[in-house]
Amino acid sequence: MKIGFIGCGNMGSAMIGGILRQGIFSKDEIIVSNLTEEGRERSEKNLGVVTTLDNNEVVRSAKTIVLAVKPQFYEEVLDEVHNSLTADHTIIGIAPGKTLAWLEEKAGLPLKVVRFMPNTPAQVGEGMTAVCANERVSKEGLDEILKITDSFGCTEVIPERLMDAAGAVGGCAPAYVFMFIEAMADAAVSQGMPRKQAYKFASQTVLGSAKMVLETGRHPGDLKDMVCSPAGTTIEGVRTLEKNGFRSAVFEALTAAAEKGKKL
Ligand SMILES: NC(=O)C1=CN([C@@H]2O[C@H](COP(=O)(O)OP(=O)(O)OC[C@H]3O[C@@H](n4cnc5c(N)ncnc54)[C@H](O)[C@@H]3O)[C@@H](O)[C@H]2O)C=CC1
Ligand SMILES: O=C(O)[C@@H]1CCC=N1
């Protein structure tokens, strides 16, 4: 077994989907544990990987272990498996606020520790993942880990002090983007467009705009200016967004998310 996941909900299955699609590991090289039989059956049916209800079996079977449970359960899961952990294991935390030092301390022995901050677009191979690792992870070891995160999107290795920022602008931000898409589509529906078509317009527009930022390397403000014709329609919308505190609302939302991460 090459990799194990303790917990396999939204984020675990999104990452495994990318790993399988890119062929980094095969189904029989991935073991996942779930809390309930219903969850285990779901993972088996949807992903086709090896499944168990026993978290210790995951740790005994694989040397790279992703903790894909909610932050509130990290401590009890590490308590439960710490007798099965060895210095050969690499544990990967994906929860906000659970630092490298905290994870190593709770694991109860010196071992390789990595943190990911992934996001759900991993499910479609367009994830954005931040990675940091403790000093026990070698350059070669990190390269192996990055093959995993690269399989479900883009990866940036960052200093641990930036993980809360990455959580806000990477981990959480899809929720805000989905709200933005939903709101734009609602407005189009209110102008008479059928709902399905409105989602297509809103989503493709977000996708295309993001691609322009990434591919042209131009400043987002510059790209915004390209759209705003003098005395045109777009600038009227820009005026309304500014009046309603759009930028400030986004700024405050990401700050709140990052600050919460520091407290978890
Ligand atoms: N959902 C997201 O967009 C992101 C989530 N994360 C982090 O990923 C982690 C997982 O989040 P989600 O996948 O969204 O949660 P989720 O609730 O969808 O999945 C967690 C899974 O863990 C299982 N579980 C709970 N206790 C367990 C135990 N003791 N042993 C084995 N399995 C257990 C649950 O049954 C569930 O299937 C969290 O720490 C979260 O902060 C990080 C970045 C993005
Ligand atoms: O809401 C959360 O806490 C998790 C971490 C980042 C995205 N979802």
Does any residue in segment 244-264 that is within 24 Å of Lys224 (Cβ to Cβ) come within less than 8 Å, Cβ to Cβ, of a residue that is more than 12 Å from ligand 2 (Cβ to nearest atom) and in a helix (DSSP H, G or I) six or more places away or on a different chain, and which pairs are these? Arg247/Leu241
Identify, please: which residue in segment 15-44 is under 21 Å from Thr129 (Cβ atoms) and surrounded by fewer than 21 Cβ atoms within 10 Å (Cβ to Cβ) and is, among those, farthest from ligand 1 (Cβ to nearest atom)? Gly23
Could you say which residue among Ala173, Ala210 is within 16 Å of ligand 1 (Cβ to nearest atom) and either part of a helix (DSSP H, G or I) or over 18 Å from Thr129 (Cβ atoms) (or both)? Ala173
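Take the conditions closer than 18 Å to Ala258 by Cβ, surrounded by 15 or more Cβ atoms within 10 Å (Cβ to Cβ) and not basic (Lys, Arg) and apply them to Phe116. Does it pass?
For Phe116, the condition - closer than 18 Å to Ala258 by Cβ, surrounded by 15 or more Cβ atoms within 10 Å (Cβ to Cβ) and not basic (Lys, Arg) - is met.
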Some residue of segment 194-204 being surrounded by 13 or more Cβ atoms within 10 Å (Cβ to Cβ), aromatic (Phe, Trp, Tyr) and at pLDDT 95 or above: yes
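Rundown of residues vs (1) of a type outside the set (S, T, N, Q); (2) surrounded by 23 or more Cβ atoms within 10 Å (Cβ to Cβ); (3) in contact with an Asp or Glu (Cβ under 9 Å, 6 or more places away or on another chain), yes/no style:
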| residue | (1), (2), (3) |
| --- | --- |
| Asn46 | no, no, no |
| Leu53 | yes, no, yes |
| Asn56 | no, no, yes |
| Ser61 | no, no, no |
| Lys70 | yes, no, no |
| Tyr74 | yes, no, no |
| Val77 | yes, no, no |
| Asn83 | no, no, no |
| His89 | yes, no, no |
Name the single residue that is nearest to Asp88 (Cα to Cα) among those in segment 116-144 being within 15 Å of the chain's Cα centre (by Cα) and in a helix (DSSP H, G or I). Ala122
Given the criterion more than 18 Å from Leu264 (Cα to Cα) and acidic (Asp, Glu), identify the matching residue among Glu105, Glu75, Glu44. Glu44
Going by the conditions given, is Ala183 of a type in the set (A, V, I, L, M, F, W, C) and in contact with a His (Cβ under 7 Å, 6 or more places away or on another chain)? no
Restricting to segment 68-87, what's the tally of residues that are more than 16 Å from ligand 2 (Cβ to nearest atom), under 20 Å from Gly261 (Cα atoms) and touching a residue at least 40 places away in the same chain (Cβ under 8 Å)? 1
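Among the listed residues Glu57, Glu76, Glu41, identify the single one that is out of contact with any strand residue (DSSP E or B) (no Cβ under 9 Å at 6 or more places or on another chain) and over 22 Å from Leu146 (Cα atoms). Write out each step before concluding.
Values: Glu57 fails: out of contact with any strand residue (DSSP E or B) (no Cβ under 9 Å at 6 or more places or on another chain); Glu41 fails: out of contact with any strand residue (DSSP E or B) (no Cβ under 9 Å at 6 or more places or on another chain).
Answer to the check: Glu76.
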Only residues that are within 23 Å of the chain's Cα centre (by Cα) and not aliphatic (A, V, I, L, M): list them for segment 46-69, please. Asn46, Gly48, Thr51, Asn55, Lys63, Thr64
Name, by its number, the condition in (1) surrounded by fewer than 16 Cβ atoms within 10 Å (Cβ to Cβ); (2) within 22 Å of Val114 (Cβ to Cβ); (3) of a type in the set (Val, Ile, Thr) that does not hold for Val189. (2)
Using beta carbons and a limit of 8 Å, which pairs, at least six apart or on different chains, have the first residue in segment 7-34 and of a type in the set (S, T, N, Q) and the second one within 16 Å of ligand 2 (Cβ to nearest atom) and in a loop (DSSP other than H, G, I, E, B)? Gln22/Phe152; Ser33/Gly7; Ser33/Cys8; Asn34/Gly7; Asn34/Cys8
Could you check segment 56-73 and list, in sequence order, the residues that are assigned to a loop (DSSP other than H, G, I, E, B) and either near ligand 1 (Cβ under 9 Å from one of its atoms) or among the charged types (D, E, K, R) (or both)? Lys63, Ala68, Val69, Lys70
Return the total of residues in segment 208-261 being surrounded by fewer than 12 Cβ atoms within 10 Å (Cβ to Cβ) and either in contact with a Phe, Trp or Tyr (Cβ under 6 Å, 6 or more places away or on another chain) or within 30 Å of Ala101 (Cα to Cα) (or both). 3
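The values are calculated or read from the model by the stated rules, or taken from the named source; none is laboratory data. As the structure is a prediction and not an experimental result, all values here were calculated from the model. Every residue, glycine among them, receives a Cβ derived from its backbone with ideal geometry; neighbour counts consider all protein chains shown.
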